[in-house]
1. Using the count of nearby Cβ atoms within 10 Å as a rough guide to exposure, how do Met1, Met244 rank from fewest to most?
2. How much length is gained on full extension from Val281 to Phe216, taking 0.36 nm per residue of separation minus their Cα-Cα distance?
3. Fewest Cβ neighbours within 10 Å first, please rank Ser493, Ser25 accordingly.
4. I need the semi-axes of the equivalent ellipsoid of the range 353-452: take the C-alpha gyration tensor, multiply each eigenvalue by 5, square-root it, list largest first in whole angstrom.
5. Apply the a/c threshold of 1.5 to the C-alpha gyration tensor of the range 2-336 and tell me whether it is rounded, prolate or oblate.
6. Can you compute the charge dipole magnitude of the range 105-203 about its Cα centre, using +1 on each Lys and Arg Cβ and -1 on each Asp and Glu Cβ, nothing else charged? Give it in debye, rounded to the nearest 20.
7. What does a probe at Asp504 reach in the range 395-435, counting residues whose amide N is under 14 Å from the point 7 Å along Cα→Cβ?
8. Would you work out the charge dipole size for the range 385-473 about its Cα centre, treating the Cβ of every Lys and Arg as +1 and the Cβ of every Asp and Glu as -1, and quote it to the nearest 20 debye?
Amino acid sequence: MKNRNLILIIFIVAKFVMQYFAIDSGYELHRDEFLHLDLGRHLAFGYTSVPPVTGLISFFIQLLGNSVFWVKFFPALFGALIIYIVWKTVEELNGGLFALILASVCVLLSIFVRINTLYQPNSLDFLLWTLFLFIIIKYLNTGENRWIYFAALVFGLGFLNKYNIAFLILGIIPAFILSKERRILLNKHLYYAAAISLLIILPNLVWQYKNDFPVFNHLQTLSNYQLVNVQRTDFLVEQLQYFMNSFFLIILGLISFFTNPEFKKYRILFFTFIIIIAIYVFLRAKSYYSVGLYPVFIAFGAVYLERLISSGWIRYLRIPVLLIPIGIFIPFAPLILPILTPQEIMEKKELLDKYNITRWEDGELHDLPQDYADMLGWKELAEIVDSALTLVDEKDRTIVHCDNYGQAGAINYYSTELKTEALSMNADYIYWYPLDKFEIKHIILVKGINDTDKNRLKEQPLFENVSLIGEIENKYAREAGTRVYLLQGAKQSVNEILRDEINDAISYR
């Protein structure tokens, strides 16, 4: 037992070490990370972009110093806890040391390395999916009602983190109905637990109601501009790519529900898997939405394979089997992790294009993967804004007005001269303008290349002086060409103009 615990600790430590070395130092924070961090400055029961848990975690990150170390710590922690739960799942299935190590290696060296490099709700979302499915296994093993309540708590927390977990419920309810476990529908504790979940998520539902359910607008935007470029076949292909070094275990895990008598009672998980994948394919969902399903099936596959190669000469295949996920991951790591510089990526561009790694949400191939391009140019932007701020005497009556949340969040994070928050009509920033706190006299305007009229700004007549300060020159940055203007001496009330624009934008939503 002590040896097993030591091995588990080694995997946990390895996870943290990998996450801090899984990204080249030349990359900065991701545009989404900036938004999520700024949510911590405005705690609420909901946001237009995400439910409230992300804002709460960001609040603690700021208390800890808001450094890159702590920004990256939490996704690494959530990834490490997935390994821990998979380990406990294998133990629950009576797996031995080989199964424990194999499952842990496969989870450690998987798409989770990439996912856990970014501070986004996804890391916690997939952890809670894994925990929820583990709790279902415990319930199927024991029949104890306490596991129903644990599942309710996990779902409630998951819902407050990312609404994606609702699809897990959409899959597991019909799976229960299709099995003999449908008798749970007659269990009063199920409804007590459901009431607890409702109480947990109720503050967010009330917030959604009071704000005209912005989640639906967010989903519509996804459907119109991102999911429209998602092909159903791509969704299925990318499932294989995400776990290419352990897909054989996932397949074995799914087969085991019908070939291993010990796992027959867990067959409900097979139907859950099929239903959820079918829903995602039908909706043309982003391929990573389903990632939280796989860790538990890796555990089943590892235990089943251990049974298959447990006796005779075939048991000597265990070492080669352990080397398979390692041998596949190592050559593919540079293709799925931001460990190469943009220049090194360009040297391998043909290969990355072949695997669609450089295909963005617009459906087109670009120089870098989209996430990588979203991690460049931000410090440069903040430095340009700071140079503009040094030209302003009344910084406390100056706002930084940006085109999008990435620009605003990056300036808030990297600027050293900022006295008020950088803001935008995009995402949640639209609600944070200090229009009732002071009369705006100067604006530092950040305009994306697609929104810039190089000859004349529409805001120019409203100010006594308008000057171009600079633009992002990093050609690999998604924001390359973004310009920064200094607008000095407002000739009329900027507050009233912004107030009308904000009201129109919110009404349009």
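1. Numbers: Met1 5, Met244 16.
Starting with the residue having the fewest Cβ neighbours, the order is Met1, Met244.
2. On the way: separation 65, 0.36 × 65 = 23.40 nm, distance 1.98 nm.
Extra length available between Val281 and Phe216 comes to 21.4 nm.
3. On the way: Ser493 13, Ser25 7.
Ranking Ser493, Ser25 by Cβ neighbours within 10 Å, fewest first, gives Ser25, Ser493.
4. Numbers: eigenvalues 189, 41, 21 Å².
Semi-axis lengths for the range 353-452 are 31, 14, 10 Å.
5. Details: a/c = 1.62, a/b = 1.20, b/c = 1.36.
The shape class here is oblate.
6. Dipole size: approximately 200 debye.
7. 425
8. Working: 9 positive and 16 negative charges, 27 e Å.
So the magnitude is around 120 debye.
No value in this document is a laboratory result; all are computed from the given coordinates. This is a predicted model, so every value here is computed, not measured. Note that each Cβ is placed from the backbone with ideal geometry, even for glycine, and that neighbours are counted across all protein chains shown.
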